[in-house]
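Visitor: Dropping a structure here in structure tokens format, bear with me for questions.
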């Protein structure tokens, strides 16, 4: 029981640390982007982003391997097998070095050719664009080699180190933003060079920290065919899921561009920025929770793992819904306040995107528990294959003349099917009780959603729409209060409420003492 309590406290502490990190990074990032845009100008800023995107095309492959590395390191740590952990870490570094070399070769041939022959770059900035490409390749290669070190920090749940190093990186980027405004050199090239220097420095910091604190993080060349086969098999099948996600997002963007105007892509791009910002709160919670799910599976502590899966799914939804309800109700004034000019379809897309995200986050812990097993072939064929249907169905809908928003309806149906498939597959894979998940997660989130929405929706309908600013703040306040009350009284168990109130009391006592 005490071990369970300690795990809960660790998850809560790590989540708060990651939230603090995220808020600071968000503020620094928004301000840095403004300064850099001002210093570089629209053309050079656009060149940096589009050229960096050429290298980012390889991220689907690297992302699949990163997920495999994180799973195997966390799993071995959960088993308490130090020798296996050392072997896994060194093998992971070997894989990432090999992948980095492969991507460098591909980017040098394919990327350079694509940049100089297919991309629309002003002739007088082509040399600078090529330098940006080279530094972007270097950045990406360094990121790949850093993945096992990041995975080790997260697996050991040392979120304070993860947060502090990220903050150091953000501050350095802020310094860079001010330096490029005063440099006598070509600003675009100098900016790309300084970002590469930061990447190398952060990689050294991660390496130093891991070598000092984690016994397994001392690299030696290992070629274990059996282990490498398992990791590549895992990554290969996970690639199917990553490809599915790619088609749902970038693929649909291309379809919208083919069948409609560029303004539709602008609306979707704006909406995704808002969605990604609020999803950051859920993702930080999952970073803190995921290692516990994998470790408990590795140690065969299945009952506690089931509880973590259900609680994680439920609270992921609550965290997102806390922001989703006021944003969905006040989407138009929110976008006007942020952008000034709101692209067509933005309000509709924003509401539909958040609705999809609410359904999607319910599956977060289900995906983690699936990855923990390592046996993902059947899962990815069924769930990933179902996700790939979004692209052809969206193409068919647009071909038949349906409106841009029709893809969101298709997505919603596919997400529902994927949730059902996950539940039945995980019942067979890890013995997850479906009734337990339905009662503790699905029933609770539906009930909270309905109860929390009644008063805000009535207020949205009846408050005078001429009082735009008053209505905006009133609805946010009403939504937040109704959501908090509904979560506390309906969404939480008595023991969960007690834990929350104890934490609030502890925080108040510490604050008063100071």
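The values are calculated or read from the model by the stated rules, or taken from the named source; none is laboratory data. Everything numeric here is computed off the predicted structure, so don't read it as measured data. Counting neighbours? That spans all protein chains shown, and the Cβs are built from the backbone with ideal geometry, glycine included.
Visitor: Taking the condition farther than 15 Å from residue 247 by Cβ, part of a helix (DSSP H, G or I) and modelled with pLDDT of 85 or more, does residue 386 pass?
Guide: In short, no.
Visitor: Let me ask something else. Out of all the residues in the stretch 256-264, is one or more more than 19 Å from residue 350 (Cα to Cα), surrounded by 13 or more Cβ atoms within 10 Å (Cβ to Cβ) and at pLDDT 75 or above?
Guide: We begin by selecting, within the stretch 256-264, every residue more than 19 Å from residue 350 (Cα to Cα); these are 258-259.
Those left that are additionally surrounded by 13 or more Cβ atoms within 10 Å (Cβ to Cβ): 259.
Now drop any that are not at pLDDT 75 or above, which leaves 259.
Yes, that holds for at least one residue.
Visitor: A follow-up question, please. On the basis of being over 18 Å from residue 453 (Cβ atoms) and either surrounded by fewer than 18 Cβ atoms within 10 Å (Cβ to Cβ) or over 23 Å from the mean Cα position of the chain (by Cα) (or both), does residue 337 make the cut?
Guide: Values: over 18 Å from residue 453 (Cβ atoms): yes; either surrounded by fewer than 18 Cβ atoms within 10 Å (Cβ to Cβ) or over 23 Å from the mean Cα position of the chain (by Cα) (or both): yes.
So residue 337 passes the test.
Visitor: Related question: Which residues, taken from the stretch 177-186, are farther than 16 Å from residue 131 by Cβ and either touching a residue at least 40 places away in the same chain (Cβ under 8 Å) or crowded, with 16+ Cβ neighbours inside 10 Å (or both)?
Guide: Matches in the stretch 177-186: 177, 178, 181.
A quick yes/no check of all residues on (1) in contact (Cβ under 8 Å) with a residue 24 or more places away in the chain; (2) surrounded by 20 or more Cβ atoms within 10 Å (Cβ to Cβ); (3) over 29 Å from the mean Cα position of the chain (by Cα):
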position	(1), (2), (3)
114	yes, no, no
125	yes, no, yes
140	yes, yes, no
148	yes, yes, no
151	yes, yes, no
155	yes, yes, no
165	yes, no, no
169	yes, no, no
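Visitor: Let me ask something else. Can you tell me which of 196, 177, 192, 201 is at pLDDT below 80, out of contact with any strand residue (DSSP E or B) (no Cβ under 9 Å at 6 or more places or on another chain) and on the phi < 0 side of the Ramachandran plot?
Guide: On the way: 196 fails: at pLDDT below 80; 192 fails: at pLDDT below 80; 201 fails: at pLDDT below 80.
Only one candidate passes the filter, namely 177.
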